[in-house]
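The values are calculated or read from the model by the stated rules, or taken from the named source; none is laboratory data. Computed from a predicted model, the values in this text were never measured in an experiment. In this analysis, Cβ positions are derived from the backbone assuming ideal geometry, glycine residues included, and neighbour counts consider all displayed protein chains. With ligands, DNA and RNA removed, areas are computed over all heavy atoms of the protein, side chains included. Shrake-Rupley method; radii C 1.70, N 1.55, O 1.52, S 1.80 Å.
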Amino acid sequence: MLKKSLHKRANQLSQSKKQLEILSNGIFANGELPTFKDKIAETNQFPLRPNKTEILQINVGYMCNQVCSHCHVDAGPDRKEIMTKETMQQCLDIIKNTGAHTLDLTGGAPEMNPNFRWFVEEASKIGVEDFIVRSNLTIIEANKKYNDLPDFFKKHNIHVISSMPHWTKEKTDKQRGQGVFNKSIEALKKLNAVGYGMPNSNLKLDLVYNPAGAFLPTNQASMEKDFKKALIDDFGIQFHNLFAITNLPISRFLEYLIASENYEDYMYSLVEAFNPSAVKNVMCTNTISISWDGWLYDCDFNQMLDLKVDSKVKHVSEYNEDILNNRDIIISQHCYGCTAGAGSSCQGTVV
Amino acid sequence: MEKTYYDPADLKKFPKITEWSEELGEKFFDYYGKVFEEGALTAREKSLIALAVSHVVKCPYCIDAYTKDGLQRGITKEEMMEAVHAGAAIESGATLVHGVQMMKKYDKLSM
Ligand code: SF4
Ligand code: SF4
């Protein structure tokens, strides 16, 4: 079980340059597999361009109470990158003027940012149509000071999206750490108790499923059926939607793929499952991702690869949606993770 | 590389069989795809049947493919192992039921 981030271990994969190198070498350099650029060019979809910005995804810091083995953020208790109140203020100014209808807070564990509650209160005063917090569930159980999060979320009508890799303890704990399953179940019960995830409730509770291993997720609807049945039968837990998300070959998941000698096969599976009709709906076409230090990215994955937007405007301090929307999206082979099968985004499948 | 009869990389080349007989290859893959679609049986049930049969016919390619397919479908390892046992039970039963033939022949030949 992982205890430390790649950064803390000074692993070479903590450098985004190293990751990008791996993603461009080997099977992609020798022509065994086509690059993502060549692949989308086949259907005239290169360069990839954004449409209207609908979602602002703000990463308020890489600190997390967990050290999941598949984490694309390389998050953990040892990460100290935390968004300051000043940067949050700059984000609030954007939220006031954006055309986006969804605000999506992520991390790490966003709740661990000391100004998290202040930020949520201020942002919800502005009035966001869909205000998402990506909560890892265990944070609610991690410390007394977080126990009241379900009520806090309810008070601000937060849309809670949480990770749950499987409905069995074994698979969940393998991916996310010892004891994570039981704590997640307790947290879900508490969310249910205040109304989250109940049928017809406005308090939205969605779960994210990502495979615990070197394989792709299958049919989202049938997974949702299995999850719902298992969680209600075994624990009496309810939720709204299940989003099936493909693990992208970056950061700690890339580390795992390489260490388990699954990297090449996994890339083959992604390329084989390439679906040209998923390309037009990939997340970066309607999302702007903002990092803890205010830089702008096409998506959370590009953020972790340190690929800032290819635009004159690169930072929240100079944010301008019109200028930003007139950019080419930066791509590499990790993008195959977004276009496999029914596609994959932070809101699940895209086709 | 060591010389072996089975190479895991060959599984990816499976579609190539069509190159030497287009009509039959295509007919086979069409049929194959159709068989595993959701029908009176769910795709999940069919995946478990395929896994059991893969073991009975002892095809390493099929075992790799349907273990992965099962994982993708969220099939648990307990379910997978039970499927393998179902296949193994039929296979050993098929061996053992021939014991009746042996018994009959034995009796016939014996005074
Ligand atoms: S996957 Fe989520 S919960 Fe797990 S370490 Fe990463 S940020 Fe934390
Ligand atoms: S990884 Fe990011 S840039 Fe690449 S397709 Fe997915 S959302 Fe777009």
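The table below lists the values:
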| read-out | value |
| --- | --- |
| Stokes-Einstein D (µm²/s) once Rh is taken as the Kirkwood radius of the range A:33-338 over alpha-carbon pairs, at 20 °C in 1.002 mPa s | 108 µm²/s |
| Compactness of the range A:285-351 as Cα Rg over 2.2 N^0.38 Å, two decimals | 1.13 |
| Peptide A:214-222, shielding by other chains (average Cβ, 10 Å cutoff) | 4 |
| Cα-centred dipole magnitude for the range A:33-338, charges only on beta-carbon of K, R (+1) and D, E (-1), debye, nearest 20 | 660 debye |
| Candidate lysines for bridging to B:Lys12, where Cα separation is under 18 Å - those fewer than 8 sequence places away on the same chain excluded | B:Lys68 |
| Which listed pairs, of A:Lys144/B:Lys77; A:Lys85/A:Lys145; A:Lys85/A:Lys312; A:Lys169/A:Lys225; A:Lys174/A:Lys229; A:Lys204/A:Lys308, have C-alpha distances above 28 Å, in listed order | A:Lys144/B:Lys77; A:Lys204/A:Lys308 |
| Mean-position separation - Cα centroids, the range B:8-84 and the range A:177-230, in angstrom | 29 Å |
| Packing-based order for A:180-186, A:319-325, using average beta carbon neighbours within 10 Å, highest first | A:180-186, A:319-325 |
| Mean separation of Cα contacts under 8 Å (6+ apart) over length of chain A, as relative contact order % | 23 percent |
| All-pairs alpha carbon distance profile, chain B, 10 Å steps from 0, percent | 12, 30, 29, 17, 9, 3, 0 |
| The range B:38-110: relative contact order as a whole-number percent, Cα under 8 Å and 6+ apart | 33 percent |
| Between helix B:22-35 and chain B: long-axis angle, C-alpha atoms, 0 to 90°, nearest 10 | 80 degrees |
| DSSP-assigned coil residues among GluC sites (Glu not before Pro) in the range B:18-56, each with at most 12 further Cβ atoms within 10 Å | B:Glu37, B:Glu38 |
| Principal-axis tilt of helix B:77-109 within chain B, Cα atoms, nearest 10 degrees | 30 degrees |
| Relative packing of A:40-51, A:252-263, which averages over residues the other C-beta atoms within 10 Å, highest first | A:252-263, A:40-51 |
| For B:69-82, mean number of other protein chain Cβ atoms within 10 Å | 4 |
| Within the protein assembly as shown, percent of DSSP bridges classed antiparallel, to nearest 5 | 25 percent |
| Separation between Cα centres of the range A:26-86 and the range A:272-289, rounded to whole Å | 12 Å |
| Kirkwood Rh, Cα atoms: Rg over Rh of the range A:139-279 | 1.01 |
| Heavy atoms of B:Tyr106: accessible area, 1.4 Å probe, square angstrom to 10 | 150 Å² |
| Anisotropy class of the range A:24-179 from Cα gyration tensor, a/c 1.5 cut | oblate |
| Translational D in µm²/s for the range A:214-351 (Stokes-Einstein at 10 °C, 1.306 mPa s, Kirkwood Rh from C-alpha pairs) | 96 µm²/s |
| Rounded accessible area of B:Arg73 (nearest 10 Å², 1.4 Å probe) | 60 Å² |
| For residues of A:159-168, the mean tally of beta carbons on other chains within 10 Å | 1 |
